[in-house]
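The values are calculated or read from the model by the stated rules, or taken from the named source; none is laboratory data. All of these numbers come straight from a predicted model, not from anything done at the bench. Please note: Cβ atoms are built from the backbone with ideal geometry, for glycine as well, and neighbour counts cover all protein chains shown.
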Amino acid sequence: MRILHVVTAFPRAPGDIIAPWLIELLRRQRAAGLDVEVFAPAYRGGGNTEFEGIPVHRFRYFPGRWEDLTHDQGTVDRVGRSMRYKLMAPFYVLAGMRAAWRLARRREFDIVHVHWPVPHALFGWAARRGSRGRTGLVTLWYGIELRWVKSRLPWLKQFLKRALRTSDQVVAISSYTAREIAELVHVPVRVIPYGLGFAESLPGGSAARRSTDGTFQILYVGNLIPRKGVRYLIDALHRLPSTIPAKLLILGEGTDRAKLEAQVHELGLDGRVEMPGRVPEPDLHRAFHEASVLVLPSIVDQRGDTEGLGVVLLEALSYRVPVIGSAIGGITDIIGDGETGLLVPPEDPTAIAKAIERIATDPAFAKRLAEAGSRRVREQFGWEAIIAAWQECYAAALRKNPRA
């Protein structure tokens with residue numbers, strides 16, 4: 001079975017950390033006997049055309065010097081801030097549709113698996129139209145595209161409904177996202193979550209671990225954008241008792257970086273917060289190994305957007321690192337409060353500080369959370385179950401749309 005994954009961004013070269021869970025999905029699908037390929041936009045005129053033996057079909061949509069609508073930051077955020085990106089968006093859509101159609105004319109695909117269906121359902125439709133046989137269309141919904149339409153792009157609501165109704169299979173990454181789909185249109189929805197971008201099971205444990213100098217290491221990994229709520233985590237660090245020798249490592253880039261750096265300076269935390277940006281994969285592994293706790297302080301932003309699942313929580317739990325997350329969105333699919341982690345109200349630095357303090361001062365409790373979370377990851381988010389779910393999904397799409 002040949003699968004074409006339609007994506008917004010894909011690693012441009014070895015060592016480029018983009019969507020590690022997606023890379024692992026492709027690896028696992030190949031190991032299961034599926035023939036996988038990727039359809040993605042170019043970046044500044046180029047990007048790789050092969051990744052670990054997986055063909056990557058890049059399409060051009062603008063002069064190379066300015067071809068950066070995707071990859072570095074969220075596309076919708078960029079379009080909202082700049083007239084150049086607003087003008088670029090139609091070229092992106094039209095070029096992608098043309099390239100998807102032409103690719104499907106050259107190569108036969110059994111399934112077109114569309115990630116981020118707004119607007120990439122258009123590419124799926126074009127590929128299905130270009131196919132000489134019958135091609136199943138599977139759309140994977142992350143939740144953010146649904147909230148974009150509700151809050152900022154209501155004129156796309158009919159397009160969104162059509163994308164859902166014309167899919168042979170509709171998949172949501174969390175039960176929260178599935179409920180959001182149900183509010184818009186009545187279609188069957190499968191829930192298939194992210195798998196792990198790294199190892200599923202790692203040796204050792206994290207019972208309120210501290211570095212060799214006794215530091216309690218708080219970790220955040222993700223984009224530096226409003227809905228991630230990183231400013232509340234920095235505020236929480238400032239509120240911790242002086243008896244806890246805590247430091248905060250923030251790994252990621254985004255539009256909020258300058259504001260967060262200013263906040264760190266204003267609170268006198270310069271020596272306790274490190275913000276190296278995005279780091280290579282070995283450094284990311286090391287950060288998880290050395291973390292005492294990982295915190296994901298997500299909020300609902302002004303656009304109504306929030307966390308669709310929280311894959312970084314899965315990564316941390318695979319390392320047996322205790323986790324703290326906001327009681328919001330798909331995070332509650334991963335964290336059972338007091339069982340597999342701690343949940344806190346969004347936008348509440350005092351609650352975050354108290355949760356961190358509890359982890360730091362009760363190593364036995366921290367270890368129980370980490371071990372229980374690790375078990376949940378293996379049982380509910382393990383690759384064997386996820387790949388089996390995708391294989392059944394693809395088979396169902398083909399049964400609905402059989403090839404000639």
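Restricting attention to segment 373-399, the residues being among the small types (Gly, Ala, Ser) and more than 23 Å from the chain's Cα centre (by Cα) number 3.
With respect to the stated conditions, residue 49 fails to be within 22 Å of the chain's Cα centre (by Cα) and not charged (D, E, K, R).
Being crowded, with 24+ Cβ neighbours inside 10 Å and not hydrophobic (A, V, I, L, M, F, W, C) is the filter here; which residues of segment 286-318 pass it? Hits for segment 286-318 are 292, 297, 298, 305, 307, 308, 310, 315. Looking only at residues in segment 28-45 that are within 30 Å of residue 66 (Cα to Cα) and not in a strand (DSSP E or B), the one that is nearest to the chain's Cα centre (by Cα) is 42.
Matching residues to (1) in contact (Cβ under 8 Å) with a residue 24 or more places away in the chain; (2) out of contact with any strand residue (DSSP E or B) (no Cβ under 9 Å at 6 or more places or on another chain); (3) not in a helix (DSSP H, G or I); (4) not hydroxyl-bearing (Ser, Thr, Tyr):
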{"site": "114", "(1), (2), (3), (4)": "yes, no, yes, yes"}
{"site": "126", "(1), (2), (3), (4)": "yes, yes, no, yes"}
{"site": "133", "(1), (2), (3), (4)": "yes, yes, yes, yes"}
{"site": "140", "(1), (2), (3), (4)": "yes, no, yes, yes"}
{"site": "148", "(1), (2), (3), (4)": "yes, yes, no, yes"}
{"site": "171", "(1), (2), (3), (4)": "yes, no, yes, yes"}
{"site": "176", "(1), (2), (3), (4)": "yes, yes, no, no"}
{"site": "183", "(1), (2), (3), (4)": "no, yes, no, yes"}
{"site": "194", "(1), (2), (3), (4)": "yes, yes, yes, no"}
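With the structure loaded, tell me whether residue 188 is modelled with pLDDT of 90 or more and closer than 30 Å to residue 167 by Cα or whether it fails that test. Considered against the rule, which asks whether it is modelled with pLDDT of 90 or more and closer than 30 Å to residue 167 by Cα, residue 188 comes out as yes.
Within segment 18-67, if we keep just the residues that are among the hydroxyl-bearing types (Ser, Thr, Tyr) and buried (at least 20 other Cβ atoms within 10 Å of the Cβ), the residue that is modelled with the lowest pLDDT turns out to be 43. Residue selection: residue 91 fails the criterion of being assigned to a loop (DSSP other than H, G, I, E, B), hydrophobic (A, V, I, L, M, F, W, C) and more than 20 Å from the chain's Cα centre (by Cα). Residue 377 meets the conditions (1) surrounded by 18 or more Cβ atoms within 10 Å (Cβ to Cβ); (2) at pLDDT 95 or above in every case but one. The failed one is (2). Is one or more of the residues making up segment 94-112 free of Cβ contacts under 8 Å to residues at least 24 places away in the same chain and closer than 26 Å to residue 1 by Cα? For segment 94-112, residues free of Cβ contacts under 8 Å to residues at least 24 places away in the same chain and closer than 26 Å to residue 1 by Cα: present.
When segment 106-152 is filtered for residues that are in contact with an Asp or Glu (Cβ under 9 Å, 6 or more places away or on another chain), hydrophobic (A, V, I, L, M, F, W, C) and modelled with pLDDT under 90, the ones remaining, listed by number, are 144, 146, 148.
Within segment 46-70, the set of residues being assigned to a loop (DSSP other than H, G, I, E, B) and either under 22 Å from residue 254 (Cα atoms) or free of Cβ contacts under 8 Å to residues at least 24 places away in the same chain (or both) comprises 47, 49, 53, 63, 67, 68, 69, 70.
Under the condition of being in contact with a Gly (Cβ under 9 Å, 6 or more places away or on another chain) and buried (at least 20 other Cβ atoms within 10 Å of the Cβ), the residues counted in segment 68-108 number 4.
When the helices (runs of 4 or more DSSP H) confined to segment 341-404 are screened for residues that are within 30 Å of residue 31 (Cβ to Cβ) and in contact (Cβ under 8 Å) with a residue 24 or more places away in the chain, those reaching at least 3 such residues are found at 363-380, 383-400.
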